[in-house]
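Trainee: Encoded as structure tokens, here's the structure I'll be asking about.
The values are calculated or read from the model by the stated rules, or taken from the named source; none is laboratory data. No experiment lies behind these values; they were computed from the predicted model shown. Quick reminder, even Gly has a Cβ in these numbers, built from the backbone with ideal geometry, and neighbours come from all protein chains shown.
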Amino acid sequence: MATDVSSSGFAKILKQKWHTDLLLKAGDSNGFAAISAHKLVNAARSEVFKKMLESKATKASSDQTLFFSEMRHEELETLVKFMYNDHGLVSSSKLKKHVRSLYLAAQRYEIPHLRDLCRNELISSLSSSNALDELSQVPLDKPLTDAVLSFIARNINTFLDSCEFKMFVARNPNLAVEITKAFLNPVMIPSQSNMSLMMIMMMMMTMTTKIR
Amino acid sequence: MSNQKKRNFQIEAFKHRVVVDPKYADKTWQILERAIHQIYNQDASGLSFEELYRNAYNMVLHKFGDKLYTGFIATMTAHLKEKSKLIEAAQGGSFLEELNKKWNEQNKALEMIRDILMYMDRTYIESTKKPHVHPMGLSLWRDNVVHSPKIHTRLLNTLLDLVHKERTGEVIDRGLVRNVTKMFMDLGESVYQDDFEKPFLDASSEFYKVESQEFIESCDCGDYLKRAEKRLTEEIDRVGHYLDAKSEDKITSVVEKEMIANHMQRLVHMENSGLVTMLLNDKYEDLGRMYNLFRRVTNGLATVRDVMTSHLREMGKQLVTDPEKSKDPVEFVQRLLDERDKYDKIISTAFGNDKTFQNASNSSFEYFINLNARSPEFISLFVDDKLRKGLKGIADADVEVVLDKVMMLFRYLQEKDVFEKYYKQHLAKRLLSGKTVSDDAEKSLIVKLKTECGYQFTSKLEGMFTDMKTSEDTMRGFYGSHPELSEGPTLIVQVLTTGSWPTQPAVPCNLPAEVSVLCEKFRSYYLGTHTGRRLSWQTNMGTADIKAIFGKGQKHELNVSTFQMCVLMLFNNSDRLSYKEIEQATEIPAPDLKRCLQSLACVKGKNVIKKEPMSKDIGEEDLFCVNDKFTSKFYKVKIGTVVAQKETEPEKQETRQRVEEDRKPQIEAAIVRIMKSRKILDHNNIIAEVTKQLQPRFLANPTEIKKRIESLIERDFLERDNTDRKLYRYLA
């Protein structure tokens, strides 16, 4: 992983603010300065950015400004740094901190590489505490969904006893079914897990009856 | 609980935990719908891409992708229906322009809309497998505009009408048509093909059917072909300008079929302008055009080739069987060579050296040259003429060219052994009279014949050259050892090996004393150095140079044949002689003597002898004396009769007979060779094999082969099988 990349290639140009023609503002940017950037680099990294930039007739005098109301300034900064990174990397600390919002941004703005990075980060940081949360988040792409489901399925025992899980199942019966499917599909089911399966099913049925 | 077990679990689509206000979706859609309207109304400049993109994104995110997609389709369809009405309303010429304009607008709008809906394109559509935005937009255009009943037919007819106009010479707006055909292609190849190309081809077919009928009634062949070519080029040009490239082959096929294939026979056989006329008049350009056009259609070239072949054979047959033409052999052969050159040029200039045409030409020549049985003799005479005087002063390279052409004719001969016989005769005469223009040319031709026919063909011929050379050495030796003979008449002897030279019977004749003494001296000299050989003088082939002084003192040197010398020398001792006296004294056989006297007495300018009576023929009662009044411009006068000539009928029969005789052993040798290796063979197969083996020399006659087989059976070389009469067995 590259450490300080701000001194070479595109990152250098960003730092130097050489011939910038674009301003990027985040939702909370009133307290911060807008980020100066280049249309070319951003258009190269994202098809959506490209369309955004070309559809507006440029007023020759001032730089074009793009608003990202759903992002915070720090997140936006990280995103921009990613765009300028020669190797398509993000500093790991920043990644951990902003993984959710970066993931969403990558989805929204069609930046597949960033999305993959974020997804991998999310997968590797799955734990029994955040897995269920993840599942109910939206939007999820298929690989991430599958990864979460199989994580839960693999560690089904840990989940079964938690009351969180029971609440989850009550609120999201369809997701529970998905979990069951994932559980049944990939691996040979050990006998112990049969019991767990039964328990899930029973739990689901009791819950649904309760709701009804 | 047991009830629940029977209930089927339905898997529903994900529902976001955060319940979204359904009104939110409607509001968002309205924003987008308005934007689409503005785009179609050319009023898009105020729109923010970001905002619209985000709206569409949110709709999909919150699971309203369906609503977005169906909304998009409905809105676009409504707009397209409107546009369709506008296009329908256009009058006359502006119909196509309106269509084109609206099409361009649609493309721009579609692109913008696609960009806005990019997220939906990549996620919702991917997962539901519905058509993407862009293809959907094209299909909507196709269904609502192009296939709208009021537009569909009108569009096609407008286009076809324009094409027709252009074909009849008007200028049309090609760019406009190109845009429309490109539109068809963008909508899908099947749309292009069904909605435009197929009807276009059908209309073109009709058009050319009519036009070709008109032309063929009014034009001659050359003109018609020019027009057909022009139309073909036009159509290719048309494709390049405003049709799809894939249409080129299809439209050219239509033109080829209607203008060429359907009228092929009529064109080729057209009176006074068809293929035959073109060939006769060397119309290279027309022929080339015909070749290029006809090769595009099936059997086109075959038709041309067949007509050419039958014409060539017919013409050739007339040429060789016309008695007028066979009077002068040299001219006869020259005519053949000219025809060969003519067709060579036609095939290389107009037919692109096409091998099939070359083969057709060759087989035709072979066919008719062999129709005249005297062709081998004539070709040999032609060569003889060239080697005697025709090639005088011509450069070596050109000589080779002439000889190569002769070889070409030689290859066509079926009876090469007849040629060999004549060639030997003529060569002998040339060598012995010393009348060959160039030794190199002679040798060069021998080499060519050897390459063509093998060693056996030319070994005897080469022997003749060797004899000539050896004789020179012998003469030198003779005079070297008899220095006293340097005074008095000079004798030059050519010693000919019997096998190599054409067989001539040795004709007796009494040589003058001065000469016979010399001859005897030579004979003893020669036999002294070459024991075991026999020499016989061939008096019918010799020549002599005589110095003569006539009555008024004119001195001339006469070049005469040996017989003529014998006759003339008699007049040294007598002033007048009768025919009978001459006959007795010289002992020359009557026909030769008559011919000899004729050439001495009856030829104007060469009559060194006077005859009484002055008739042309030699009678037994005629009297002869020296013509004292003989004059000639030249000092040296040539009166010899050894020039090779076309044979007379009886001579020809004789040669032919000798050839047939020579063939018998060759046939027998072939039969024996074949039977030796096969041991058993049936009659038909023997005939076939023998014919094949002998084909390089002559065409064997099956009847003759049968006779030879019978003869071989009699001589116990073969036997018939006891059970099957048609089977023969080889007897070791």
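Trainee: Go through (1) farther than 30 Å from B:K435 by Cβ; (2) surrounded by 14 or more Cβ atoms within 10 Å (Cβ to Cβ); (3) in contact with an Asp or Glu (Cβ under 6 Å, 6 or more places away or on another chain); (4) not hydrophobic (A, V, I, L, M, F, W, C) one by one and return the number of the condition B:K726 breaks.
Mentor: (2) is the only condition that B:K726 fails.
Trainee: Right, something else. In the range A:141-161, which residues are outside any helix (DSSP H, G or I) and charged (D, E, K, R)?
Mentor: A:D141, A:D161
Trainee: Quick check on A:E164: is it outside any loop (DSSP other than H, G, I, E, B), acidic (D, E) and farther than 25 Å from B:L61 by Cβ?
Mentor: Yes; evaluated as a whole, the condition is true for this residue.
Trainee: Identify, by number, the condition in (1) modelled with pLDDT of 90 or more; (2) farther than 23 Å from B:L293 by Cβ that B:V330 doesn't meet.
Mentor: Going through the list (1) modelled with pLDDT of 90 or more; (2) farther than 23 Å from B:L293 by Cβ, B:V330 breaks only (1).
Trainee: Turning to a different aspect of this structure: Restricting the range B:40-64 to residues that are more than 16 Å from A:Q107 (Cα to Cα) and within 11 Å of chain A (Cβ to nearest Cβ), which is surrounded by the most Cβ atoms within 10 Å (Cβ to Cβ)?
Mentor: B:L52
Per-residue answers, yes or no, for (1) assigned to a strand (DSSP E or B); (2) at pLDDT 85 or above; (3) within 25 Å of B:A56 (Cα to Cα):
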{"residue": "A:N30", "(1), (2), (3)": "no, no, no"}
{"residue": "A:A33", "(1), (2), (3)": "no, no, no"}
{"residue": "A:S36", "(1), (2), (3)": "yes, yes, no"}
{"residue": "A:E54", "(1), (2), (3)": "no, no, yes"}
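Trainee: Can you tell me which residue is surrounded by the most Cβ atoms within 10 Å (Cβ to Cβ) among those in the range A:62-76 that are away from chain B (no Cβ under 14 Å) and over 16 Å from the mean Cα position of the chain (by Cα)?
Mentor: By that ranking, first place goes to A:H73.
Trainee: Another one. So, A:V177, is that one within 26 Å of the chain's Cα centre (by Cα), at pLDDT below 65 and within 13 Å of chain B (Cβ to nearest Cβ) or not?
Mentor: Against the criterion (within 26 Å of the chain's Cα centre (by Cα), at pLDDT below 65 and within 13 Å of chain B (Cβ to nearest Cβ)), A:V177 does not qualify.
Trainee: Mind counting the residues in the range B:309-361 that are more than 20 Å from B:E647 (Cα to Cα), outside any helix (DSSP H, G or I) and touching a residue at least 24 places away in the same chain (Cβ under 8 Å)?
Mentor: 4
Trainee: Next question. For the range A:84-130, how many residues are in a helix (DSSP H, G or I) and either hydroxyl-bearing (S, T, Y) or surrounded by 17 or more Cβ atoms within 10 Å (Cβ to Cβ) (or both)?
Mentor: Residues flagged as in a helix (DSSP H, G or I) and either hydroxyl-bearing (S, T, Y) or surrounded by 17 or more Cβ atoms within 10 Å (Cβ to Cβ) (or both) within the range A:84-130 amount to 23.
Trainee: Just a yes or no: is a residue in the range B:532-539 more than 14 Å from B:L432 (Cβ to Cβ), more than 53 Å from the chain's Cα centre (by Cα), part of a helix (DSSP H, G or I) and not aliphatic (A, V, I, L, M)?
Mentor: The answer is no; no qualifying residue exists.
Trainee: If you don't mind, another one. Please work out which residue is farthest from B:E248 (Cα to Cα), limiting yourself to the range B:214-230 and to residues that are surrounded by fewer than 13 Cβ atoms within 10 Å (Cβ to Cβ) and not small (G, A, S).
Mentor: B:E217
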